[in-house]
Number of protein chains: 2
Amino acid sequence: MDLSENELVAAIRRVLSGADPRVAVGVGDDAAVVRPGNGDVVLTADMLIEGVHFTRPLVSPRDLGYKSMIVNVSDIAAMAASPRHALISLGLPSDIDAAWVVELYGGLREAADEHAISIVGGDLNAGRAVVVSVFVTGEVAPGGAVRRSGARQGDSIVVTGTLGAAAGGLRLARSDLSLASNAWATPLLQAQARPAARVGEAGTLAQAGATSMIDLSDGLAMDLSRICVESGVGARVRLADVPVAAELAQLAAALNEGPEPLELALSGGEDYELLATLPRESVDGARHALRERFGVTLTAVGDIIPGESLIALEPDGDERPLEPRGWDHFGG
Amino acid sequence: MDLSENELVAAIRRVLSGADPRVAVGVGDDAAVVRPGNGDVVLTADMLIEGVHFTRPLVSPRDLGYKSMIVNVSDIAAMAASPRHALISLGLPSDIDAAWVVELYGGLREAADEHAISIVGGDLNAGRAVVVSVFVTGEVAPGGAVRRSGARQGDSIVVTGTLGAAAGGLRLARSDLSLASNAWATPLLQAQARPAARVGEAGTLAQAGATSMIDLSDGLAMDLSRICVESGVGARVRLADVPVAAELAQLAAALNEGPEPLELALSGGEDYELLATLPRESVDGARHALRERFGVTLTAVGDIIPGESLIALEPDGDERPLEPRGWDHFGG
């Protein structure tokens, strides 16, 4: 860094300037001061580390900032809450320049603006690798948070959107970028670089009576296993019904040893779609509401069953265990 | 790491288990859910990075955890607020084992317990270096936060405790640990490893009418310059009145090229004492209250003056500029 901390803070304050009546004290004091609403306060933290979650040459600072914010907003959404405020702690190696940091904040701000979030503080540090540590607060009506632990036997398992595109985009970016000019490549790369957080969709699912909810950061198999463990239930997933992103077939054909599309959808991670359980009779209404309000599909992919088994139902009717394999942050 | 993320989360949940009626959802869901109080919500974030803020062989994971929490609590205190909840995001290199992480959480928990903070969530990641990113929420009576921007001409500048010990402890740890067996070495090493956050003291200073406040993380000179910039004022510091930690004289004598004690007190950083401005007539009462309630000294070290100069008044009556030099997180 060729700037002092004080100079960089001043530059960032210019990027973040904005009026929010809920913010009494924003960036630049020991801590931020915000006015609470009437609901419960929801708190989440998610960190992106260079060399683990991203590789610097393959991601623009703007996309990195955008995604760092969205993965946190997605966690707030998964509680059926609305995001409110954010703080950002950064670790910045010496080869990063101020323009890169301002672009990073531009992406953070872009995602924050889309969700009416005020960035109210944070911390700047030297570091060996780029670290983007984001903290987001949210609000939900008292008692209205949807947890992982409420799934009940007989509930339908539903997912929003399509799955596997983000993991496909990552494979593509890491393997052969000459393929990126294909029309089918764009949605994959976009899903990886600019995921969406399903805030409104989560609220609609909660209104429809969702008994449990989680955002798909680590893949359907892993995240469903988390709902099952917390809820003390099992699950049967109909593999034929999993909404695999259409472009993954073209990716598999284009790459020599292409990944199996279904496998990416089950275990690829980073889709940030919602996985929820709903009373069976509520699925049609929720599907209709999501399509009408957000143009987003809702797909029933299986059922909650007694016990603790995760079962995959093959298209031919065979059953096999569904391994809770997915993105493990320690490289599993 | 020889553990999966799920296994490590389970171990950490055991360390953190505890009942807090304000916490509706703690560690283990997409986000935490807490019940707000009636006051304003205060938010802060502070990150410690291996190789920048600490060196792994020189710090125990328990002390690292303790200090990581305290530096955040100190920021909450500096707003005259009370800490409430914390989230912790970690980056963990592959040579860290689970016992080390559990000890780190033990230290985080120890500091949290001292201040009645509930640790309600966070994020675990692989990383190249150890990164401890902490977020703490607090609460303050509506409109009661004390900012950096309220210092007024004629106010007295006061500091709690003594200054420079933490920086002295760092010099000692990095230079000649055979000195650590000296009686005078213990308070220095302790100040570095286990700083105190002045939560109650800050509340007392606010009651006494503090017009501005900051915690001394980067040294008196740097942090005073921040108050002056935000308040649009200058300051004159009487160097003879700066409460230099007594053990620094012995450290300077013991080390060949020992650091000047006054210089450590002005620019060493990491003391986490409070620097505040008070109406002159309130100083005696505040000093008495801090001594009675907390056994902590309060020292008037100078005055707020018009303009924007930072002036050091030498013991012989000469004046020189007080350079806002101190701990810069980019190594300045």
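The values are calculated or read from the model by the stated rules, or taken from the named source; none is laboratory data. Note that this is a predicted model, so its numbers are computed, not measured. Reconstructed Cβ throughout: ideal geometry from the backbone, glycine too, with neighbour counts over all protein chains shown. These area figures cover heavy atoms from the full protein model, side chains too; ligands, DNA and RNA do not enter into them. Shrake-Rupley method; radii C 1.70, N 1.55, O 1.52, S 1.80 Å.
Just to confirm a number: summing +1 for Lys and Arg and -1 for Asp and Glu over residues other than residue B:116 whose beta-carbon lies under 13 angstrom from that of residue B:116, what do you get?
Residues close to residue B:116 contribute a combined charge of -2.
Rounded, prolate or oblate: which one fits the range B:54-181, using the alpha carbon gyration tensor with axes a ≥ b ≥ c (rounded when a/c is under 1.5, else prolate when a/b beats b/c, else oblate)?
Since a/c reaches 1.5 but b/c is at least a/b, the shape of the range B:54-181 is classed as oblate.
So who's got an amide H within less than 5 Å of the one on residue A:52, skipping anything under 5 residues away but keeping other chains? H placed 1.01 Å off N, in plane.
Excluding prolines and chain starts, which carry no amide H, there are no hits.
For the range A:196-332, give the share of DSSP beta bridges that are antiparallel, in percent and rounded to the nearest 5; count only bridges with both residues there.
Counting only bridges with both partners in the range A:196-332, antiparallel ones make up about 75 percent.
Give, rounded to the nearest 20 debye, the magnitude of the charge dipole that the protein assembly as shown has about its Cα centre when Lys and Arg contribute +1 at Cβ and Asp and Glu contribute -1 at Cβ.
1100
Return the value, in Å² to the nearest 100, of accessible area buried between chains B and A (probe 1.4 Å, both sides summed).
5500
List the longest stretch of chain A that has no exposed loop site; here a site is one of the GluC sites (Glu not before Pro) assigned by DSSP to anything other than H, G, I, E or B, with at most 16 other Cβ within 10 Å.
The longest uninterrupted stretch comes out as A:1-256.
What residues in the range A:63-105 lose 40 Å² or more of accessible surface when the other protein chains are added to their chain alone (1.4 Å probe)?
Listed by number, the residues meeting the 40 Å² cut-off are A:79, A:87, A:89.
Over the protein assembly as shown, what is the percentage of antiparallel beta bridges among all DSSP beta bridges, to the nearest 5?
Bridges in the protein assembly as shown that DSSP calls antiparallel: roughly 75 percent.
Using a 1.4 angstrom probe, figure out how much accessible area the protein assembly as shown has per residue, in square angstrom, rounded to the nearest whole.
That works out to 37 Å² for each residue.
Is there a simple number for the mean count of other chain Cβ atoms within 10 Å of the Cβ of residues in B:117-128, and what is it?
Mean number of neighbouring Cβ atoms from other chains: 6.
Most fluctuating residue of B:155, B:30, B:113 in a GNM of chain B with Cα springs under 10 Å: which is it?
Checking each option, the largest mean-square fluctuation is seen for B:30.
Which of rounded, prolate or oblate describes the range B:197-311 when judged by the alpha-carbon gyration tensor and an a/c cut-off of 1.5?
Cα axes put the range B:197-311 in the oblate bin.
Kindly identify the range A:6-128 as rounded, prolate or oblate by the Cα gyration tensor criterion: order the square roots of the eigenvalues as a ≥ b ≥ c, call it rounded if a/c is under 1.5, otherwise compare a/b with b/c, prolate if a/b is larger, else oblate.
Taking the square roots of the gyration eigenvalues as a ≥ b ≥ c, the range A:6-128 is oblate.
Counting only residues 5 or more places away or on other chains, whose amide H sits under 5 Å from the amide H of residue B:296 once H atoms are built in the peptide plane?
The answer is B:291.
Expressed as a whole percentage, what fraction of the accessible surface of chain A belongs to carbon and sulfur atoms when a 1.4 Å probe is rolled over the protein heavy atoms?
48
Could you list which residues have their amide H under 5 Å from that of residue B:96, counting only those 5 or more apart in sequence or on another chain, with H placed in the peptide plane?
none
Would you compute, from DSSP H runs of 4+ residues alone, the mean residue ellipticity of chain A at 222 nm, taking -39500 (n - 2.57) per run and dividing by the full residue count, rounded to the nearest 500?
Calculated from helices alone, the mean residue ellipticity at 222 nm is -10500 deg cm²/dmol.
Would you tally the net charge around residue A:132, using a Cβ to Cβ cut-off of less than 12 Å, leaving residue A:132 out, and scoring K and R as +1, D and E as -1?
-3
Might you report the magnitude of the Cβ-based charge dipole of chain B about its Cα centre, with Lys and Arg at +1 and Asp and Glu at -1, to the nearest 20 debye?
That gives chain B a dipole magnitude of about 600 debye.
Would you work out which of B:225, B:267, B:300 lies farthest towards the positive end of the dipole of the range B:225-306? Charges go on Cβ: Lys and Arg +1, Asp and Glu -1.
B:300
What fraction of the DSSP beta bridges in chain B is antiparallel, stated in percent and rounded to the nearest 5?
The antiparallel proportion sits near 75 percent.
Out of the trypsin sites (Lys or Arg not before Pro) in the range B:118-195, which ones are loop residues according to DSSP with at most 15 other C-beta atoms within 10 Å?
B:152
Using a Gaussian network model on chain B with a 10 Å cutoff between Cα atoms, which of B:33, B:242, B:73 fluctuates the most?
Among B:33, B:242, B:73, the largest GNM mean-square fluctuation belongs to B:33.
At 18 angstrom or more along the helix axis (alpha-carbon based) and mean Kyte-Doolittle of -1.0 or higher, what helices does chain A contain? Whole DSSP H runs only.
A:61-78, A:98-114
Roughly how many Å is it from the Cα centre of the range B:122-152 to that of the range B:267-287, as a whole number?
Going from one Cα centre to the other spans 21 Å.
Please identify, among A:305, A:49, A:227, the residue showing maximal mean-square fluctuation in a Gaussian network model of chain A using a 10 angstrom Cα cutoff.
Comparing A:305, A:49, A:227 in the GNM, the peak value goes to A:49.
Work out the charge dipole of the range A:148-292 with +1 on the Cβ of Lys and Arg and -1 on the Cβ of Asp and Glu about the Cα centre, then indicate which of A:180, A:235, A:253 is farthest towards its positive end.
Comparing the listed Cα positions along the dipole, A:235 ranks first.
Can you tell me, using C-alpha contacts under 8 Å and at least 6 residues apart, the relative contact order of chain A as a whole percent?
Once divided by the residue count of chain A, the mean separation gives 21 percent.
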